[in-house]
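Chemist: Take a look at this one; I'll ask things after.
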Amino acid sequence: MKNILVTGGAGFIGSHVVRRLVSNYPEYHIVNLDVLTYAGNLANLRDIENRSNYTFVRADITDANAMQELFAKYQFEGVIHLAAESHVDRSISNPMEFIMTNIVGTVVLLNAARECWKGNMEGKRFYHVSTDEVYGSLGETGYFTEETRYDPHSPYSSSKASSDHLVRAYHDTYGLPIVISNCSNNYGSFQFPEKLIPLAINNIRQGKNIPVYGKGENIRDWLFVEDHAVAIDVIYHYGKNGDTYNVGGHNEWKNIDLIHLLCKIMDRKLDRPEGTSVGLITYVKDRAGHDLRYAIDSGKLQRELGWKPSLQFEEGLEKTVDWYLANQKWMDEVTSGDYKNYYERQYQLR
Ligand code: NAD
Ligand code: TYD
């Protein structure tokens, strides 16, 4: 069996990646390494946690000794690195955690892989999962391609940009076999309700205000998380050594239009008269340094590796709403405890 390390596998995207690999590749032993921050949740993997080709390890990617020991023990053939601090608003109020996990943690993993693979890099691969936010903000037209100059604005996107550069540097300097992908905004099941879509679903269900930053005119390119997991599978297996692939949904939505669509779906699902939830929309103080528009050109990934998104947004959003409504217990658990403090800090003053 090949040992593959997935970092951040108890988080939103990581849990979908782990589930896919454990289910589709019985010849792989998937080691899920996660420190379980507020965003990490083993309940995201209940359905596969007893599979014989799956092991969970709780550890911090910034702990160099622990990472070296783990690599020595399992002699990983590949690494799919998703562990990160991932929320822009948190990076604005607490940048240091982002520097530690996203930059230092990535270098610690690169060092551990380099040490473990020295002398024989054949068949090895370090896959760094990153974001389109490294490219900065677009005006009304144009797309991010793999050649777009990096121009990050938030502590989150700057820390991810920095980690991308370091991964490339380890390829160029030490010959580490790497691949990177930069993906647009994901949505779907198991997303922590600090991000726009699950936060809005949860608030609408409870009849609470839906906070919309600024005028709601910012644009994001939304991709269903299971389509991202397929892209990660394809890129891990077939991506060219040293290359970068952009992943996106070709699915741009103004925040306010997205919220209107969500309100309509929620009114229908909750048997409320149409128009009820729209009344919850509340414009609040804008995010500092708020990027106006993200839009990905994923042509390279389509042409070279044959990947494209499988779902239309309306269909994906319906599925997502159904999942959150059917998994109220999951939502109640993740929003108990510290979430309330976070919510108050984040939204009370806006
Ligand atoms: P998430 O916040 O849901 O999950 C992150 C996971 O990493 C959590 O399980 C957390 O416990 C773990 N983690 C954090 N710090 C750690 C540490 N020091 N050591 C070990 N584990 C640690 O994030 P996500 O939305 O699933 O994003 C996963 C990756 O994909 C990130 O690298 C992110 O930058 C990238 N990405 C996310 C999106 C998106 O829309 N969510 C889009 C593109 C790229
Ligand atoms: P988010 O889900 O935080 O993703 P990102 O900032 O990484 O794109 O936010 C998506 C968009 O929604 C972004 O333009 C900010 C906006 N937003 C709100 O208007 N209200 C909110 O409460 C949140 C969390 C986000």
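The values are calculated or read from the model by the stated rules, or taken from the named source; none is laboratory data. Just so it is clear, the model here is predicted, and its values are computed rather than measured. Virtual Cβ from ideal backbone geometry, glycine too; neighbours counted across all protein chains shown. SASA here: full protein model, heavy atoms, side chains in, ligands and nucleic acids out. Shrake-Rupley method; radii C 1.70, N 1.55, O 1.52, S 1.80 Å.
Chemist: Tell me whether the range 272-291 contains one or more residues that are more than 24 Å from Asp221 (Cβ to Cβ), surrounded by 14 or more Cβ atoms within 10 Å (Cβ to Cβ), touching a strand residue (DSSP E or B) at 6+ places or on another chain (Cβ under 7 Å) and at pLDDT 95 or above.
Modeler: yes
Chemist: Being open to solvent by 40 Å² or more (accessible area, probe 1.4 Å), touching a residue at least 60 places away in the same chain (Cβ under 8 Å) and on the phi < 0 side of the Ramachandran plot narrows it down to one of Ser137, Ser157, Ser181, Ser163, so name that one.
Modeler: Sole residue among the options that is open to solvent by 40 Å² or more (accessible area, probe 1.4 Å), touching a residue at least 60 places away in the same chain (Cβ under 8 Å) and on the phi < 0 side of the Ramachandran plot: Ser137.
Chemist: When you go through (1) open to solvent by less than 30 Å² (accessible area, probe 1.4 Å); (2) at positive phi one by one for Ser130, which number turns out not to apply?
Modeler: (2)
Chemist: Another one. Mind telling me which of the residues Gly306, Gly337 ends up being open to solvent by 30 Å² or more (accessible area, probe 1.4 Å), farther than 21 Å from Leu258 by Cα, in contact (Cβ under 8 Å) with a residue 12 or more places away in the chain and among the small types (Gly, Ala, Ser)?
Modeler: Going through Gly306, Gly337 in turn, just one is open to solvent by 30 Å² or more (accessible area, probe 1.4 Å), farther than 21 Å from Leu258 by Cα, in contact (Cβ under 8 Å) with a residue 12 or more places away in the chain and among the small types (Gly, Ala, Ser): Gly306.
Chemist: Kindly indicate whether any position in the range 45-68 is under 24 Å from Gly123 (Cα atoms), free of Cβ contacts under 8 Å to residues at least 40 places away in the same chain and in contact with a helix residue (DSSP H, G or I) (Cβ under 6 Å, 6 or more places away or on another chain).
Modeler: Scanning the range 45-68, I find at least one residue that is under 24 Å from Gly123 (Cα atoms), free of Cβ contacts under 8 Å to residues at least 40 places away in the same chain and in contact with a helix residue (DSSP H, G or I) (Cβ under 6 Å, 6 or more places away or on another chain), so the answer is yes.
Chemist: Right, here's the next one. Looking only at helices (runs of 4 or more DSSP H) that fall completely inside the range 79-118, which ones have 1 or more residues that are more than 16 Å from ligand 2 (Cβ to nearest atom)? Quick ask: steps written out before the conclusion?
Modeler: On the way: elements: 88-93, 95-98, 105-117.
Where helices (runs of 4 or more DSSP H) fall fully within the range 79-118 and carry at least 1 residues being more than 16 Å from ligand 2 (Cβ to nearest atom), they are 95-98, 105-117.
Chemist: If you don't mind, another one. Checking Arg168 against (1) within 13 Å of ligand 2 (Cβ to nearest atom); (2) open to solvent by 40 Å² or more (accessible area, probe 1.4 Å), which single condition isn't satisfied?
Modeler: Arg168 satisfies all of (1) within 13 Å of ligand 2 (Cβ to nearest atom); (2) open to solvent by 40 Å² or more (accessible area, probe 1.4 Å) except (1).
Chemist: Scan the range 220-237 and tell me whether some residue there is more than 18 Å from Val284 (Cα to Cα), of a type in the set (Gly, Ala, Ser) and surrounded by fewer than 19 Cβ atoms within 10 Å (Cβ to Cβ). Explain how you work it out, then say what you get.
Modeler: Of all residues in the range 220-237, those more than 18 Å from Val284 (Cα to Cα) come to 220-237.
Imposing the further condition that a residue be of a type in the set (Gly, Ala, Ser) reduces the set to 229, 231.
Now narrow it down to the ones that are surrounded by fewer than 19 Cβ atoms within 10 Å (Cβ to Cβ): none.
Looking through the range 220-237, none of the residues is more than 18 Å from Val284 (Cα to Cα), of a type in the set (Gly, Ala, Ser) and surrounded by fewer than 19 Cβ atoms within 10 Å (Cβ to Cβ).
Chemist: Checking the condition farther than 22 Å from Asp63 by Cα, in contact (Cβ under 8 Å) with a residue 60 or more places away in the chain and surrounded by 20 or more Cβ atoms within 10 Å (Cβ to Cβ), which residue from Phe144, Phe98 passes?
Modeler: Answer to the check: Phe144.
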